[in-house]
Amino acid sequence: MEPLVGREQAPARTIRSVIDLHAHVLPGVDDGPASLAESLEILRDAAADGVTRIAATPHVRDDYPTAPETMERLVAELGAAAREAGIALDVLPGGEFDLEFLTHLDDETLRRFGLGGNPALLLLEFPYHGWPLQLRDAVFGLGLRGFSLVLAHPERNAEVQAAPERLRPFVEAGLLVQLTAASVDGRLGSRPQACARTLLDEGLAHLIASDAHAIRCARPS
């Protein structure tokens, strides 16, 4: 909320503290930055926009089978490099899980990938095409194992765009929904934007994150 100003005052710029819970910032591990220098540029750009903490969420799936020890090592290395570079931003652990790949991992491994360092919170990747038939079983099964779930960017899926209400039973069961910032502000096109706005209006979305893979998608335009 902008501060109230008198007629004689110049508008003041509000500085916000922002936590970004979905970003691909670890170097050389998935389809995000290829080098440490590129990772630092993403962090520098995010910090300039008010982000103070960012969860590194590398893909954990067949084409990018990130191991927890790899994620943990790179989070520590990137955090140290950011401090050395004077970037005032904390790098937190995490992972973005493919629903099918997830079923092959044990609880200890999942906890190590806990979103933002919360061992009981997992980020699930919603596919861009088709409705994931295993979603209901995954949500129910992981809940029984003690995990809470965040569903990443469903507004970018054509099935959800056609029927956003399909997410309601999952939200009512405790699932959290994360939108991509570039969907909300229209950079990804009119259909993701319209779906994102509908999910927000209907109380079916809870978080907005960058899903940054490079500098150009780290901040709103």
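The values are calculated or read from the model by the stated rules, or taken from the named source; none is laboratory data. Everything numeric in this text was worked out from a predicted model, so none of it was measured. Every residue, glycine as well, gets a Cβ built from its backbone with ideal geometry; the counts of neighbours run over all protein chains shown. In case anyone asks, the SASA skips ligands and DNA or RNA and just uses the protein heavy atoms, side chains included. Shrake-Rupley method; radii C 1.70, N 1.55, O 1.52, S 1.80 Å.
The HN-Hα couplings worked out from phi for the stretch 55-67 by the Karplus form 6.51 cos²θ - 1.76 cosθ + 1.60 (θ = phi - 60°) are 8, 7, 10, x, 4, 10, 7, 4, 7, 9, x, 4, 8 Hz, whole numbers, x standing for Gly and Pro. Using the Karplus relation 6.51 cos²θ - 1.76 cosθ + 1.60 with θ = phi - 60°, the per-residue 3J(HN,Hα) values for the stretch 41-52 come to 5, 5, 5, 5, 5, 5, 4, 5, 9, x, 6, 10 Hz, with x marking Gly and Pro. Computed with a 1.4 Å probe on the full set of protein chains, the accessible area for residue 70 sits at about 40 Å².
Highest average first, the peptides 129-138, 145-154 ordered by how many other beta carbon atoms sit within 10 Å of their residues are 145-154, 129-138. Each Lys and Arg contributes +1 and each Asp and Glu -1, all at the Cβ; summed about the Cα centre of the stretch 67-113, the dipole is approximately 240 debye. Extent of the chain along its three principal axes (Cα atoms, max minus min coordinate, largest first): 59, 40, 28 Å.
When the helices of the chain are scored as -39500 (n - 2.57) per DSSP H run of n ≥ 4 and the total is divided over every residue, the value at 222 nm lands at -9500 deg cm²/dmol. Normalising by residue count, the stretch 40-100 has a Cα convex hull of 79 Å³ per residue.
Remark: the stretch 160-221 is approximated by an ellipsoid whose semi-axes, taken from the C-alpha gyration tensor as √(5λ), come to 22, 13, 8 Å, largest first.
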